[in-house]
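Below is one structure, written out as structure tokens, with a few remarks after it.
Taken together, the values in this text are just the output of simple stated rules run on the coordinates, not laboratory data. Values in this document were obtained by computation on a predicted structure and should not be read as measured data. FYI the Cβ positions are ideal-geometry reconstructions off the backbone, even for glycines, and counts take in every protein chain you see.
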Amino acid sequence: MRDPTALLGARLASELQETIEAIQQAGRAAATVELDQSSIGRVSRMDALQQQALAKRLLEQLLLRQRKIEAALARINAGSYGLCCACEGDLEPERLGADPAAVFCMACAAERERPE
Ligand SMILES: [Zn+2]
């Protein structure tokens, strides 16, 4: 017997673990410049600041991903997983296969991505 929601839930749980580890790494990278500020030259400091800005942006993306995964896991617990958050229709299995944390069905996602 195969329960697709249980399989996707397991994928979400392991992705959450990976995301949390990546957040800790990015957090350290984003904090590095503050620690090293006095010990490095001006050019390498600009470089380090750029690296830090990238790490901060990555960190924001990862935190967003973490929230999305946690919300999907909460929907599994609540029994509302696999339903579109806009039209409450079923999410396409291939959409959940591509992103188990997907929130909207293809039609609603396309609707939202369209410019005003
Ligand atoms: Zn929808």
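Here are some notes:
- Reduced Cα scattering model of the chain, Debye log10 I(q)/I(0), q = 0.11, 0.12 Å⁻¹: -0.51, -0.58
- Spin-label model distance (nm) - LEU54 vs ALA13, 7 Å beyond Cα toward Cβ: 3.5 nm
- GluC sites (Glu not before Pro) restricted to DSSP loop in segment 1-110 with at most 10 other C-beta within 10 Å: GLU88
- Take the Cβ atoms of ALA31 and ALA98, set R0 to 30 Å, and the FRET efficiency comes out at 0.35.
- Segment 4-113: relative contact order in percent, alpha carbon pairs under 8 Å with at least 6 residues between: 30 percent
- Applied to segment 50-58, the Karplus parametrisation 6.51 cos²θ - 1.76 cosθ + 1.60 on θ = phi - 60° returns per-residue 3J(HN,Hα) values of 5, 4, 5, 4, 4, 4, 5, 5, 4 Hz, with x for Gly and Pro.
- Between amide H atoms placed 1.01 Å from N, distances below 5 Å from LEU83 occur with LEU91, all of them 5 or more places distant or on a separate chain.
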